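The values are calculated or read from the model by the stated rules, or taken from the named source; none is laboratory data. This one's a predicted model, so the numbers in the text were calculated from it and none came from an experiment. Heads up, the Cβs are rebuilt from the backbone with ideal geometry, glycines too, and the neighbour counts pull from every protein chain shown. Just the protein is used for accessible areas: all its heavy atoms, side chains included, with ligands, DNA and RNA removed. Shrake-Rupley method; radii C 1.70, N 1.55, O 1.52, S 1.80 Å.
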Amino acid sequence: MTVEADTRPDAADDTRRRSRVVLILLALFIVINAADKAVLGLTAGPIKDDLDLTATEFGTIASSFYLLFSLSAVSVGFLGDRIRPRPLLAVLALVWAAAQLPILLPATGFAALVATRVVLGAGEGPGYPLANYTAFTWFPEKRRALPSAVVVAGAAGGTVLAAPLVVLVSSTLGWRAAFALLGAVGVVWALVWLRFGGGGPYTARLGPAPDEPSRAPREQPSVPFWRVVTTGTWLGATFSAFAVMWTLALGFAWLPLFLAEQAGFSDTEVSGIVGLPALAMAVLVLTAGAAAHRLLRRGVTARVAQGLVGASLPLLAGVCLLLTTRVGPTALLLPLLVLAFSAGNGQTPLTNAAIADICPPGRRSAALGLSYALAALSSLLAPYVTGRIIDAAPTEAVGYGRAFDLTAGLLITGAVLSVFLIRPDRDALALLPEPPVASPAFGTDAEPSAKE
């Protein structure tokens, strides 16, 4: 295995240009990923009416998306260290398309929806960690927070773009046509990616490479994987991501129904409102990524830049979610909902970069994939558990309140754990396969400081 890099001026310019193109394509990849998740919630009303579903049955369909999500994420995450990103991501996009297109058939009912959502989830599970991993191969250490933020912002773009388009297509051609449209978009992306996409120079590759540069001790993939996944940084980031993904799954599946059934908004108003958290998410994700990048360049420890700054965002989301069912005026409800379903995800690029920074390149894809897989288990539980809570409550309003309070508790707990556990500087040094000694190779790649 070799770590490729080319520092010639002309090669560096070409790398910078190519990195921008690849980053845009990866953001679009996540746009489609998010739109595929959002389409079910955006068409929830017509689907429930057409198929005569209870809240629990609809929650089962929403949860089925995540049945193989985690298993696929971790399995393909390990493959990401062995297979190049170009064919791997293209295959995932084609799986998405193959899962969406059959829904266009009129015979597709409850069982078929569950089956297609299971297949779609299996294809989408590895998408986000692999997109992050691929983005990281184009950027050196300490410059990964902002690229990760761009990829994460793609999820916001998916919801913003999908909401009005899905509602328009659903109202004119039927809810099934909205699923088929997204399937066609997935095919187009795969073709474009095969032409312009691929991995970058900061990556571990199989096989010998000419003019192999010397590698620093931390670039050697000799660190046992179990040591990576038992660090405080990995554990804290994973639990906080669990809470954030619970919130996102709740928002995708139930927020449109809450706005229509409890807040009294029309379908047209809902299509615009559900995009507001996505817009806020994009702003917060990019702002948090840029802030962390600036702090790290100024010499601030990664614990502060990635741990403490990141923890403030799910804390804000949790507090806002606690208040959403306790305020009356719509003027207060909407800002609280926007922050509750957006702020937590602002932490995501910081925790992703923190995990990437503590890992040797040969462990990075697997570490990101396993973290995402475990966190995504919350997405399997959240829609179904919410449906059960609503059906068991004396009224739907009480049910939504209980479900929102549970989610808020998870977010706040994740924020507290992030404060105490996420310490990338310390954990990166602890994972060095050799004791840190003064040498040219180590001096160029070492963390700026191990002080907390």
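Here are some notes:
- Average accessible area per residue (Å²) across region 343-407 - probe 1.4 Å, nucleic acids and ligands excluded: 26 Å²
- Against the chain, whose longest principal axis comes from its Cα atoms, helix 348-358 is set at around 30 degrees.
- Paramagnetic label reach from L51 (point 7 Å along Cα→Cβ; backbone nitrogen cut-off under 20 Å): within region 162-184, residues 163, 166-184.
- Taking the C-alpha atoms of region 76-196, convex hull volume expressed per residue in Å³: 107 Å³
- Listed peptides 106-114, 399-407, 294-302 appear in the order 399-407, 294-302, 106-114 once ranked by packing, highest mean of other Cβ atoms within 10 Å at the front.
- Using θ = phi - 60° and Karplus 6.51 cos²θ - 1.76 cosθ + 1.60, couplings along region 45-57 (whole Hz; Gly, Pro as x): x, x, 5, 4, 5, 5, 9, 6, 9, 7, 4, 5, 5
- Rg and Dmax, both from the Cα atoms of the chain and both in Å, are 21.6, 70.
- Carbon/sulfur fraction of accessible area - region 258-338, other protein chains in place, 1.4 Å, %: 66 percent
- Once the convex hull of all Cα atoms in region 300-368 is built, its volume per residue stands at 82 Å³.
- The value of relative contact order for the chain, using C-alpha pairs under 8 Å at least six residues apart, is 27 percent.
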